[in-house]
Amino acid sequence: MMVCSCALIAATSLMAKALGPLGSVALGIEGAPLHPLQVSAGRFGFSFLTLLLIMTVWRPRFHGIQWGTHAARSAVGWAGVSCMFAAAAHMNLADAMAISFLSPIFKMMLAIPFLGEKVGRWRWAAAAIALAGGMLIVRPGTDAFQIVALVALSAALLMGAEAILIKRLTSREAPFQILVVNNGIGAAIALTAVLFVWQPPVPVQWGVMATIGVTMLCAQMFFLQAMRRAEASYVIPFYYATLIFATFYDFVVFGDLPAWISVAGAGLIVGGALLQVWREKLARERKAATKA
């Protein structure tokens, strides 16, 4: 389920790239390239529309909705998705996805002030390794530096903040309730923001945006089910398969391959993140042994 989620997440970024300036020219898509905010609006709007159709059949009951936390999570999530789509539209897809994998590192850092968590030297070492990998991809101060890479870094930071808020919600509310409320608020934010950049999409662009929305919803469902059916320390490492799918899709569709230094940077990011997952697993095992 986690690998399926990875394949779908990478596919949504690929479709976002196809709607941007680079993808539209390469694929010969009619119509002007779409603004990332418009792509984001399509993602949230069609996801929420799909959920409404599901609810007409299922008719679930909601209770105990933490509206304040949901609003903050949805706003941060919308901003993160918009930045991710903007980065994917203007740079190598594998590089953009690799930078987004810094989000667990930012989550760890944000957990210190917001969740009161203590971070040991191993987790700081993992963060340093991953951040070093991010700098290899971004390469500030060199000719290879791209301003859009900072947008990808912003996406990682925002997604890390979103993970903090998700952690608060999952202990209080059911997964489907979180999914519906998040996509509903996200759709309201996205459809409001898109009014400032709206341009009429051609039929092909409408179809791609609808596919992004449904695909991302399926990816979220697979992700939540994977997290419910196994320990996070087991399934999270599989999440980094997203980078493999992104590289494969980008090569097949656009003929792009990341530079060797970007591959090295991606390796450091994934290695640092997996080191963090491993240390968290050991910490939980020790805590469980102490209680036993």
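The values are calculated or read from the model by the stated rules, or taken from the named source; none is laboratory data. Here the structure is a predicted model, which means the values were calculated and not measured. No Cβ is skipped: glycine too gets one built from the backbone with ideal geometry, and neighbour counts run over all protein chains shown. All accessible areas refer to the heavy atoms of the entire protein, side chains included, with ligands and DNA or RNA removed. Shrake-Rupley method; radii C 1.70, N 1.55, O 1.52, S 1.80 Å.
Test of understanding: among Leu14, Leu51, Leu93, which residue is open to solvent by less than 30 Å² (accessible area, probe 1.4 Å) and either polar (S, T, N, Q) or over 27 Å from Ala149 (Cα atoms) (or both)? Talk me through it step by step, then tell me what you get.
Values: Leu14 fails: either polar (S, T, N, Q) or over 27 Å from Ala149 (Cα atoms) (or both); Leu93 fails: either polar (S, T, N, Q) or over 27 Å from Ala149 (Cα atoms) (or both).
Answer to the check: Leu51.
Restricting attention to segment 24-32, does a residue exist that is on the phi < 0 side of the Ramachandran plot, modelled with pLDDT under 85 and within 23 Å of the chain's Cα centre (by Cα)?
Narrowing segment 24-32 to residues on the phi < 0 side of the Ramachandran plot: 24-27, 29-30, 32.
Filter once more, keeping what is modelled with pLDDT under 85: 24-27, 29-30, 32.
Within this subset, residues satisfying the condition of being within 23 Å of the chain's Cα centre (by Cα) are 24.
Yes, because at least one residue in segment 24-32 is on the phi < 0 side of the Ramachandran plot, modelled with pLDDT under 85 and within 23 Å of the chain's Cα centre (by Cα).
Filtering segment 1-11 down to residues that are under 13 Å from Ala88 (Cβ atoms) and either open to solvent by 10 Å² or more (accessible area, probe 1.4 Å) or hydroxyl-bearing (Ser, Thr, Tyr) (or both), which residue is modelled with the highest pLDDT? I'd like the intermediate steps shown before the answer.
Pass one, segment 1-11, residues under 13 Å from Ala88 (Cβ atoms): 9-11.
Okay, now just the ones that are also either open to solvent by 10 Å² or more (accessible area, probe 1.4 Å) or hydroxyl-bearing (Ser, Thr, Tyr) (or both), so 9, 11.
Details: Ile9: 90, Ala11: 93.
Restricting to residues being under 13 Å from Ala88 (Cβ atoms) and either open to solvent by 10 Å² or more (accessible area, probe 1.4 Å) or hydroxyl-bearing (Ser, Thr, Tyr) (or both), the top hit is Ala11.
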Where Thr247 falls short, out of the listed (1) within 15 Å of Ala10 (Cβ to Cβ); (2) surrounded by fewer than 18 Cβ atoms within 10 Å (Cβ to Cβ): (2)
Close pairs from segment 124-136: first more than 18 Å from Val263 (Cα to Cα), partner outside any helix (DSSP H, G or I) and not acidic (Asp, Glu), Cβ under 6 Å, at least 6 apart: none
Flag for Ser103 being over 21 Å from Met221 (Cβ atoms), surrounded by 17 or more Cβ atoms within 10 Å (Cβ to Cβ) and in contact (Cβ under 8 Å) with a residue 12 or more places away in the chain: no
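Residue-by-condition table, conditions (1) at pLDDT below 80; (2) outside any helix (DSSP H, G or I); (3) out of contact with any Asp or Glu (no Cβ under 9 Å at 6 or more places or on another chain):
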residue	(1), (2), (3)
Leu195	no, no, yes
Thr211	no, no, yes
Met216	no, no, yes
Met227	yes, no, yes
Thr247	no, no, no
Asp250	no, no, no
Gly267	no, no, yes
Glu280	yes, no, yes
Arg284	yes, no, no
Residue satisfying all of: in segment 131-176; modelled with pLDDT under 80 and of a type in the set (S, T, N, Q); surrounded by the most Cβ atoms within 10 Å (Cβ to Cβ) among these: Gln146
Qualifying positions in segment 177-199 - touching a residue at least 12 places away in the same chain (Cβ under 8 Å), of a type outside the set (A, V, I, L, M, F, W, C) and surrounded by fewer than 21 Cβ atoms within 10 Å (Cβ to Cβ): Gln177, Gly184, Gln199
Residue list for segment 163-182, filter: closer than 19 Å to Cys218 by Cβ and outside any loop (DSSP other than H, G, I, E, B): Ile166, Pro175, Phe176, Gln177, Ile178, Leu179, Val180, Val181, Asn182
Scope segment 41-66; condition in a helix (DSSP H, G or I) and in contact (Cβ under 8 Å) with a residue 12 or more places away in the chain; matching residues: Ala41, Gly42, Arg43, Phe44, Gly45, Phe46, Ser47, Phe48, Leu49, Thr50, Leu51, Met55
